[in-house]
1. What is the distance in Å between the Cα centroid of the range 42-116 and that of the range 9-40?
2. Cross-link candidates for LYS25: which lysines have Cα within less than 29 Å, leaving aside residues fewer than 8 places away along the same chain?
3. Could you sort TYR10, TYR53, TYR71 by accessible area so the largest value comes first, with the probe set to 1.4 Å?
4. Size of the dipole of the chain about the Cα centre, Lys and Arg at +1 and Asp and Glu at -1 on the beta carbon, nothing else charged, in debye to 20?
5. Considering only DSSP beta bridges where both residues belong to the range 1-150, give the percentage that are antiparallel (nearest 5).
6. Ignoring everything but the protein chains, give the 1.4 Å probe accessible area of LYS117 in square angstrom, nearest 10.
7. What residue among ASP87, ASP118, ASP21 shows peak mean-square fluctuation when the chain is described by a Gaussian network model with Cα springs under 10 Å?
8. Given only helices, namely DSSP H runs of n ≥ 4 each adding -39500 (n - 2.57), what is the per-residue ellipticity at 222 nm of the chain, to the nearest 500 deg cm²/dmol?
Amino acid sequence: MRFSFLSPVYNSEQWVRSMLDSIPKEYADEIIVCDDGSTDQTLVMLKEYQQQYPQLKILENGENRGASYSYNRCIEAATGDYIAIIDSDDIYLPTIREVLAKIDGEYDIYYYSMVTKDGQLFQATEENYREWCGQFRIIKRSCVGEARFSERPDMAGDCDFHQALLDQNPSVHITGIIAYWYNYPRINSEYYLYYFGLK
């Protein structure tokens, strides 16, 4: 199996190296990062990181186009059999290797669970995975099809992406493994801006 790890980044100098370091390189056939017009040192840091890890591919928007636009550029550039999306301020836990080791091509989506910065555990189950719009899954590239993050102003783009995936009635495996650290709550995150009506 070939894996593509995808991440949109914007003014992420505080987190981007930790995020990249958390991606297990032995599984990363490609790491595609889309810089959304950062004005800090994010792009410089990405190019430095690329010197050590040439599987890192950097897309540049040139100007700020928004997270959904950047997610979609990453998806369209991905060539792996499976894609894994990680937000720039989050990290994988070492147990992500256990999830990746389970991926054998049998299922369209492999779900894992996550823990938040403030200690909340979100455990994916057969009963609740349809409610999860976040990035806590690894998706067969052929299953993604035309599903994309929406750029609607009234909703976070991953909600429509999530629904478009479910509309295809994908085969799903719930791994039960806690493999993702979610930087929540965080002021000015995408979720924060939508939740408080600031975007």
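1. The range 42-116 and the range 9-40 have Cα centres spaced 8 Å from each other.
2. LYS47, LYS57, LYS102, LYS117, LYS140
3. Numbers: TYR10 105, TYR53 55, TYR71 25 Å².
So, going from the largest accessible area down, we get TYR10, TYR53, TYR71.
4. On the way: 18 positive and 31 negative charges, 38 e Å.
That gives a dipole near 180 debye.
5. Numbers: 8 of 24 bridges.
Of the beta bridges lying entirely in the range 1-150, close to 35 percent run antiparallel.
6. 100
7. The residue that fluctuates most here is ASP118.
8. Details: 7 runs with 56 residues, N = 199.
When only DSSP H runs of four or more count, the value is -7500 deg cm²/dmol.
The values are calculated or read from the model by the stated rules, or taken from the named source; none is laboratory data. None of the values given here were measured: they were computed from a predicted structure. Note: ideal-geometry Cβ built from the backbone for every residue, glycine included; neighbour counts use all protein chains shown. The protein model used for the area step is the full one, side chains on, heavy atoms only, and it has no ligands, DNA or RNA in it. Shrake-Rupley method; radii C 1.70, N 1.55, O 1.52, S 1.80 Å.
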